[in-house]
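The next block holds one structure in the form of structure tokens; read it before the comments.
The values are calculated or read from the model by the stated rules, or taken from the named source; none is laboratory data. All of these numbers come straight from a predicted model, not from anything done at the bench. With ideal geometry, Cβ positions are generated from the backbone for all residues, glycine too; neighbour counts draw on all protein chains shown.
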Amino acid sequence: MGIILKKQPSSRAFCGLIPQRKGGRITSWKGKVIMMKKVRIGIVGAGNIATNAHMPAYAACDKAEVVAVADLNLERAEAFAKRFGIPHAYASVEELLANEDIDAVDVCTWNNGHAPVTIAAAKAGKHILCEKPFADSLEHALEAKAAVEEAGVQFLLGVPSRFNPQNALVRELLDKGEFGDIYYAKTSYLRRRGTPTGWFTDKRVAGGGPILDIAVHRIDAAWYMMGNPKPVRVSAAVSNRLGAFRTKGIERWQGTPCPDNQNDTEDFGAGAIHFENGAILLFEASWAINGPDFQYTQLYGTKGGVTLDPLTVYGERNGYLSDDKLNPGPGKSFELEIAHFVDCVLTGAPTRTPVDQACDLQRMLQGIYDSARLGREVTL
């Protein structure tokens, strides 16, 4: 997998030149053409996230093509394939993985399928993009991590917030020392009435509620912008009080129903995550709360701080306080994430959310539930 040259130009031909892209090809010096092999993707799970987020992102990526889809419901897989012009539809992961034309697998199943599909894909030698969360438990995440490392395949956890232009710029500024040491952060994702339907509320397949659905995005983004310090302790509480609301006149994310669909996950969670470097991250998340829809992230460092939406950096300049609003430019998170994964498969470059960080994130999520269940702070 990689780049195939029709004719090898001299080394001088590329000096100081930037290749120009035309469709699925790259043209180089004097019009000579470098043919780039497309990464052939097999999608597992033909639900909403694959339909509304991943497929539009693949359509925008000229280095990849989706060649197969698998779903527990063959009719759904076939309808998905027909809609997007995908040549192969399967009723099982095993059938999809037996297709030798597939280079990489995109895991878009229910949460309880993430680790098993990742393990199977790794054993089949396929590169893996796995939707968050990595698994429905830390135990299953560690099993999947071992399989990925043993196979030596590329792995990217699907947390598109790392590719949000705001978040990416904050991390860039952090790495340049603009904020000094980040010692405190807080993040929130509250929905007034936003509990999804279907499998999302069934603990057997989802593993949890808003902690695994929406808090994971905010926690991971804040952790990423803090520089990914090692998590060591968690104190948290969760509850299910308003999740089964019957409020009229609202739109809800439609999840695929699972057999005997239950509503037994939490609908609210809040807590604190402590890190080895002494930093602390406060978080709160809810699918349903009697208050306004609300999202924010704030980070505080020894040299500067930052808030998002709009991106504002707080610090000092020439001895005076300064508030700088920054424009990171356009960019769609899912498109950037898919393009990054495909480039990593083609080049062998490290992914932005590798398997060890996927497990550390899962360790924090598990710690939230363990702390809530035990009613005390837990060590990770």
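Among the conditions (1) surrounded by fewer than 18 Cβ atoms within 10 Å (Cβ to Cβ); (2) farther than 18 Å from Ile182 by Cβ; (3) more than 23 Å from the chain's Cα centre (by Cα), Thr312 misses just one, which is (2). Scanning segment 230-252 for residues that are part of a strand (DSSP E or B) and of a type in the set (Gly, Ala, Ser) gives Ser235, Ala236, Ala237, Ser239.
The criterion of being polar (S, T, N, Q), under 28 Å from Asp136 (Cα atoms), in a helix (DSSP H, G or I) and touching a helix residue (DSSP H, G or I) at 6+ places or on another chain (Cβ under 9 Å) does not hold for Gln295.
Contact map, segment 122-151: residues that are on the phi > 0 side of the Ramachandran plot paired with residues that are at pLDDT 95 or above and part of a loop (DSSP other than H, G, I, E, B), Cβ distance under 9 Å, separation 6+ or inter-chain. Pairs shown: Gly125/Gly152; Gly125/Val153. In this entry, Ser161 is excluded by the filter for residues that are closer than 29 Å to Leu282 by Cα, in contact with a helix residue (DSSP H, G or I) (Cβ under 9 Å, 6 or more places away or on another chain), surrounded by fewer than 19 Cβ atoms within 10 Å (Cβ to Cβ) and at pLDDT 95 or above. A count restricted to segment 307-364 and to residues that are part of a strand (DSSP E or B) and of a type outside the set (Val, Ile, Thr) stands at 10. Return the residues of segment 357-380 that are more than 24 Å from the chain's Cα centre (by Cα) and either of a type in the set (Lys, Arg) or within 21 Å of Gly158 (Cα to Cα) (or both); say none if nothing qualifies. Residues satisfying the conditions are Arg373, Arg376.
Against the conditions (1) surrounded by fewer than 23 Cβ atoms within 10 Å (Cβ to Cβ); (2) hydrophobic (A, V, I, L, M, F, W, C); (3) in contact with a strand residue (DSSP E or B) (Cβ under 8 Å, 6 or more places away or on another chain), Ala151 satisfies every one except (3). For Glu284, indicate whether it is assigned to a loop (DSSP other than H, G, I, E, B), assigned by TED's automatic domain parsing to the domain that holds Asp202, modelled with pLDDT of 95 or more and in contact with a strand residue (DSSP E or B) (Cβ under 6 Å, 6 or more places away or on another chain). Judged against the criteria, Glu284 is not a match. Being over 24 Å from the mean Cα position of the chain (by Cα), at pLDDT 95 or above and surrounded by 14 or more Cβ atoms within 10 Å (Cβ to Cβ): is that true of Tyr58 here? Taking the combined requirement at face value, the residue does not satisfy it.
Which of (1) out of contact with any strand residue (DSSP E or B) (no Cβ under 9 Å at 6 or more places or on another chain); (2) assigned by TED's automatic domain parsing to the domain that holds Ile211 is the odd one out, the single condition Leu336 does not satisfy? Only one criterion is unmet by Leu336, namely (2). How many residues are farther than 17 Å from Ala221 by Cβ and in contact (Cβ under 8 Å) with a residue 40 or more places away in the chain when one looks only at segment 336-362? So the answer is 13.
Among (1) crowded, with 24+ Cβ neighbours inside 10 Å; (2) out of contact with any Leu (no Cβ under 7 Å at 6 or more places or on another chain); (3) more than 27 Å from Ser371 (Cα to Cα); (4) touching a residue at least 60 places away in the same chain (Cβ under 8 Å), where does Asp213 come up short? Exception for Asp213: condition (3). One residue alone among Asp175, Asp202 is acidic (Asp, Glu) and either within 21 Å of Asp370 (Cα to Cα) or touching a Leu at 6+ places or on another chain (Cβ under 7 Å) (or both), and that residue is Asp202. Only one of the listed residues (His127, His114) is under 23 Å from Thr201 (Cα atoms) and buried (at least 24 other Cβ atoms within 10 Å of the Cβ). That residue is His114.
Candidates Arg171, Arg192: the one that is surrounded by fewer than 20 Cβ atoms within 10 Å (Cβ to Cβ) and within 17 Å of the chain's Cα centre (by Cα) is Arg171.
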